[in-house]
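Enquirer: To start, I am sharing the structure in question, which I have written as structure tokens.
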Amino acid sequence: MQVQKGESWKEWAPTEEQRFFKTYYIFLRLNTLPYYRYGMFMDYKDGKSYRWSSLQFALNNAIKRDGFFIKQKWIHTLKPLNSKENSLIQLVDVIMGALISNASAPHKQNLSEHVKCYLNSKSHSGKEKIKKFVWSPKIDLRF
């Protein structure tokens, strides 16, 4: 999801950290379904573990507030993992970096071009391989 930080970005939340977690909340609400159960693994940020558990709590409460009767937790796991210690999270970091950063090193530019070319091609069934969202915060959203 590409986040467009327009004029209202600073009004979205008082701190950059709060804007980060609110954006994560919206992204997960838009890209998950209520009757599925999810285990999520996020890139670890120093001193932010309480924020991840707060995010998990907010997501699970939101699904109940929306009127879905779910006996088990919708987000059963939301765990921060250090990408330096976890190969899968490291791979996601590399792919995301290839998609969204403006690399200056030649090998990073080559990887970026390769990943973008691959993801912009269609699957065997003719569908897009990845959905691209462009999103900007709406101040009137209810949390």
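All of the numbers you see were taken from the coordinates with simple rules; none came from a lab. In this text, all values refer to a predicted model and were calculated from it rather than measured experimentally. Quick reminder, even Gly has a Cβ in these numbers, built from the backbone with ideal geometry, and neighbours come from all protein chains shown.
Enquirer: Which value in Å does the Kirkwood hydrodynamic radius of the range 25-67 take, with 1/r averaged over all unlike C-alpha pairs and then inverted? It would help to have the intermediate numbers written out before the result.
Expert: Working: mean 1/r = 0.0876 Å⁻¹.
Taking the inverse mean of 1/r over all distinct Cα pairs, the range 25-67 comes out at 11.4 Å.
Enquirer: How high is the relative contact order of the range 91-136, in percent, with contacts defined as C-alpha pairs under 8 Å that are six or more residues apart? Don't jump to the answer; show the numbers that get you there.
Expert: Numbers: 26 pairs, mean separation 11.2, N = 46.
Dividing the mean separation by the residue count of the range 91-136 yields 24 percent.
Enquirer: Place a +1 charge on the Cβ of each Lys and Arg in the range 2-135 and a -1 charge on the Cβ of each Asp and Glu, then give the dipole magnitude about the Cα centre in debye, rounded to the nearest 20.
Expert: Values: 22 positive and 11 negative charges, 98 e Å.
It comes to approximately 480 debye.
Enquirer: Could you work out [θ]222 nm for the chain from helices alone, using -39500 (n - 2.57) per DSSP H run of at least four and dividing by all its residues? Round to the nearest 500 deg cm²/dmol. If you can, show how the numbers build up before the last one.
Expert: Working: 5 runs with 65 residues, N = 143.
After summing the helix terms and dividing by residue count, I get -14500 deg cm²/dmol.
Enquirer: Lys/Arg Cβ at +1, Asp/Glu Cβ at -1, dipole of the chain taken about the Cα centre: which of ILE70, LEU119, TYR50 is farthest positive-ward?
Expert: ILE70
Enquirer: Could you work out the relative contact order of the range 1-104? I mean the mean sequence separation of Cα pairs under 8 Å and 6+ apart, divided by the number of residues, in percent. It would help to have the intermediate numbers written out before the result.
Expert: Values: 72 pairs, mean separation 30.4, N = 104.
The normalised contact order for the range 1-104 reaches 29 percent.
Enquirer: Could you sort out which of LYS45/LYS122; LYS48/LYS132; LYS48/LYS73; LYS73/LYS116; LYS71/LYS132; LYS48/LYS129 sit more than 30 Å apart by Cα distance in this structure? Mind showing how you got there, number by number?
Expert: Numbers: LYS45/LYS122 35 Å; LYS48/LYS132 27 Å; LYS48/LYS73 22 Å; LYS73/LYS116 35 Å; LYS71/LYS132 32 Å; LYS48/LYS129 32 Å.
Cα-Cα > 30 Å for LYS45/LYS122; LYS73/LYS116; LYS71/LYS132; LYS48/LYS129; rest within.
Enquirer: Next up: How would you order 50-59, 8-17 from highest to lowest mean count of nearby Cβ atoms within 10 Å?
Expert: Numbers: 50-59: 16.0, 8-17: 12.1.
Going from most to least packed, we get 50-59, 8-17.
Enquirer: Another question, then. Distance in nm between label sites at ALA13 and PHE41, each 7 Å beyond Cα in the beta-carbon direction?
Expert: It is 2.4 nm.
Enquirer: I've got another one for you. Can you list residues from other chains, or at least 5 along the same chain, whose modelled amide H is less than 5 Å from the amide H of TRP74?
Expert: none
Enquirer: Once whole DSSP H runs in the chain are found, which of them have Cα atoms spread over 15 Å or more along the helix axis and a mean Kyte-Doolittle score of at least 1.6? Working shown, then result.
Expert: Numbers: long enough: 16-30 (21 Å, -0.41); 49-65 (24 Å, -0.56); 87-100 (20 Å, 2.06); 106-120 (21 Å, -1.17).
Flagged H segments are 87-100.
Enquirer: In bins 10 Å wide, starting from 0, what share of all Cα pairs of the range 33-106 does each bin hold, as a percent?
Expert: 17, 36, 30, 14, 3, 0
Enquirer: Here's another thing I want to ask about it. What are the principal axis extents of the Cα atoms in the chain, in Å, biggest first?
Expert: Per principal axis, max minus min of the Cα coordinates gives 47, 38, 33 Å.
Enquirer: Taking amide H positions as placed in the peptide plane 1.01 Å from N, state which residues far from MET42 in sequence (5 or more) or on other chains have amide H under 5 Å from it.
Expert: Amide H neighbours of MET42, under 5 Å, 5+ apart: LYS79, LEU81.
Enquirer: Could you work out how much longer the chain between LYS48 and ILE130 gets when fully extended? Use 0.36 nm per residue separation minus the Cα distance between them, nm to one decimal.
Expert: Numbers: separation 82, 0.36 × 82 = 29.52 nm, distance 2.90 nm.
Separation in residues times 0.36 nm, less the Cα-Cα distance, equals 26.6 nm.
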